[in-house]
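Read the figures in this text as sums done on the coordinates, not as results from a lab. Quick caveat, the model's predicted, so the values are computed rather than measured. So basically every Cβ, Gly included, is an ideal-geometry build from the backbone, and we count neighbours across all protein chains shown.
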Amino acid sequence: MRIGVDLGGSKIEVAAFDGLSELVRRRIATPQGDYMSTVMAVAGLIEIIENELGQRGTVGIGIPGTESAQSGLIKNANSTCLIGKPLKRDLQTVLQREVRLANDANCFALSEAIDGAGQGAETVFGVILGTGVGGGIVVHEQVLTGANGIAGEWGHNALPTPTAAERPGPACYCGRSGCVETWLSGPGMQRDHAAIAGETADPASIVARAVAGDVACTATLERYEERLARALAVVVNILDPQVIVLGGGLSNINRLYDNVPHLWQPYVFSDHIATRLLKHHHGDSSGVRGAAWLWGG
């Protein structure tokens, strides 16, 4: 039995699997700003599931950050209470077994590569477009973590080929300005719409009003699509994946899948682009599924 944990900023989800079949799933709210309460909440959910099923499983955990290869401490986490903490060590102590950790975007990419939208592809780039922006790389159904544990972290590179109006770009929590995340996250779309249209609207409202013919909201989506195309073109130029899979709340904007591949063509260094841009298959379930798959088949 394999157990996957999706440790998010707002919820903790745990599921157990036998092969590709889900046995049980549980979800609770994440204790806000409390590291040890978060550790114990994860352990408690795993205990509940194992008691219910009467067996012990391997544990893989997807986190909104990454583990430093040098110190073993968590870094780059938008759930800031995890930063600088020995999360893997503490969980292993409480659970009394080995635990495997990975960035949540890596877990998403792995799930979609194994039996989701990217199934059968040699190289899959998984993208999270939500409150933040992340990415994960899977090659031959194996997560590529990289020498520094940051492979796929395209969200904290500068938006490519910025226009004069896009410089220097919005401030990012990472300390820089103009990161891809500041433009392509949900809050980034909302900020851009407010700056240009002079009104506040969340992404869901922007999309709905664009469908109804609102000119300002349509223009916001067009700017978003063009920026997404530029950002993904760099990924295609460097990684050249067979499939790019979108996840997160903004991945449900269906027009992206038709428009962005046309818009990225001028920025991709090839006469023909075979890379497919696809919507997730497993959606919100991909994080917990991919965490379980950290232990392989």
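Using a Förster distance of 51 Å, how high is the FRET efficiency between Y267 and A29, based on the Cβ-Cβ distance and rounded to 0.05?
Working from the Cβ atoms, E equals 0.80.
Rounded to the nearest 0.05, what FRET efficiency is calculated for I48 and Q119 with R0 set to 30 Å and r the Cβ-Cβ distance?
0.45
What do you get for the angle between helix 35-53 and the principal long axis of the chain? Use alpha-carbon atoms, 0 to 90 degrees, nearest ten.
60 degrees
Return a single number: how many Lys pairs in the chain, at a sequence separation of 8 or more or on separate chains, have alpha-carbon atoms below 20 angstrom apart.
5
Which angle between 0 and 90 degrees, to the nearest 10, do you get for helix 104-115 versus the longest principal axis of the chain when only C-alpha atoms count?
Approximately 90 degrees, to the nearest 10.
First measure r as the distance between the Cβ atoms of R176 and K11, then evaluate 1/(1 + (r/R0)^6) with R0 = 41 Å and state the FRET efficiency to the nearest 0.05.
Step by step, r from the Cβ atoms, then E = 0.90.
By how many degrees, 0 to 90 and rounded to 10, does the Cα axis of helix 215-239 deviate from the longest principal axis of the chain?
Taking Cα atoms only, the helix is inclined about 60 degrees.
Over 5 Å intervals from 0, what percent of Cα-Cα pairs in region 63-153 sits in each interval?
3, 15, 23, 22, 19, 13, 6, 1
Quote the convex hull volume per residue of the chain, based on C-alpha atoms, as a whole number of Å³.
Per-residue hull volume (Cα only) is 132 Å³.
Would you mind classifying region 182-297 by shape? Square roots of the alpha carbon gyration tensor eigenvalues, ordered a ≥ b ≥ c; an a/c under 1.5 is rounded, otherwise it is prolate if a/b is larger than b/c and oblate if not.
oblate
Let me have the 222 nm mean residue ellipticity of the chain computed from DSSP H runs of 4+ only, each contributing -39500 (n - 2.57), with the sum over all residues rounded to the nearest 500.
Roughly -11000 deg cm²/dmol at 222 nm, from the helical runs in the chain.
Please order V207, V94, V14, V245 by the number of other Cβ within 10 Å, starting at the fewest.
The order, fewest Cβ neighbours first, is V94, V207, V14, V245.
Comparing I238, I74, I12, which has the greatest mean-square fluctuation in the GNM of the chain with Cα pairs linked when under 10 Å apart?
Fluctuation is largest for I238.
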